[in-house]
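Report on the following structure.
The values are calculated or read from the model by the stated rules, or taken from the named source; none is laboratory data. Keep in mind the model is a prediction, meaning the values are calculated, not measured. Quick reminder, even Gly has a Cβ in these numbers, built from the backbone with ideal geometry, and neighbours come from all protein chains shown.
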Amino acid sequence: MTAFALPVRIYIEDTDAGGIVYYVNYLKFMERSRTEFLRSLGYDKPAILDEGLLLVVHSAQVIYRRPARLDDQLEVTTEVVKIARTYVEFQQNVLRGNDLMCEGLIRIACVSGETMKPNPIPIAMFERIKSHTNTN
């Protein structure tokens, strides 16, 4: 599977006092890319599922490689690397051309909106995401 890619332009609001992208904004860019990936699969409000279920970030491992700066044009890629009954793991990269700026392994869990306890991902969504899993 080819990675889903979302273009992102860096604006002044994305930078810190030193003129580089503030570290937490990379997580925001990754969130947008995951959301648009799920939207491309037909889920209009990807964080809120039917039956009172939610998709929430369980964990994030992020490595910052190079700083991005004002007006840079980046690409945020999203690949499904693992899917289980109650979670999905995404490998996400932020690139400027061929330069890797930031990478993350993000686990998204499916939980009950009422109890916040793990719940199985709805079958149709599970199958749709599974068909996009990178098995290499």
Worksheet item: What number of residues in region 25-50 are in a helix (DSSP H, G or I), farther than 23 Å from Gly97 by Cβ and not basic (Lys, Arg)?
Response: 4
Item to complete: Give the residue that is surrounded by the fewest Cβ atoms within 10 Å (Cβ to Cβ), with candidates limited to residues of region 2-34 that are of a type in the set (Val, Ile, Thr), under 18 Å from the mean Cα position of the chain (by Cα) and modelled with pLDDT of 95 or more.
Response: Val24
Practice prompt. For region 86-136, name all the residues that are assigned to a loop (DSSP other than H, G, I, E, B), at negative phi and either in contact with a Cys (Cβ under 6 Å, 6 or more places away or on another chain) or of a type in the set (A, V, I, L, M) (or both).
Written response: Thr86, Asn119, Ile121
Worksheet item: Residues in region 114-129: is at least one in contact (Cβ under 8 Å) with a residue 12 or more places away in the chain, out of contact with any helix residue (DSSP H, G or I) (no Cβ under 9 Å at 6 or more places or on another chain), buried (at least 16 other Cβ atoms within 10 Å of the Cβ) and within 30 Å of Ile12 (Cβ to Cβ)?
Response: no
Worksheet entry | Test set (1) part of a helix (DSSP H, G or I); (2) touching a Cys at 6+ places or on another chain (Cβ under 8 Å); (3) more than 18 Å from Gln91 (Cα to Cα) - Leu54 fails condition number | (1)
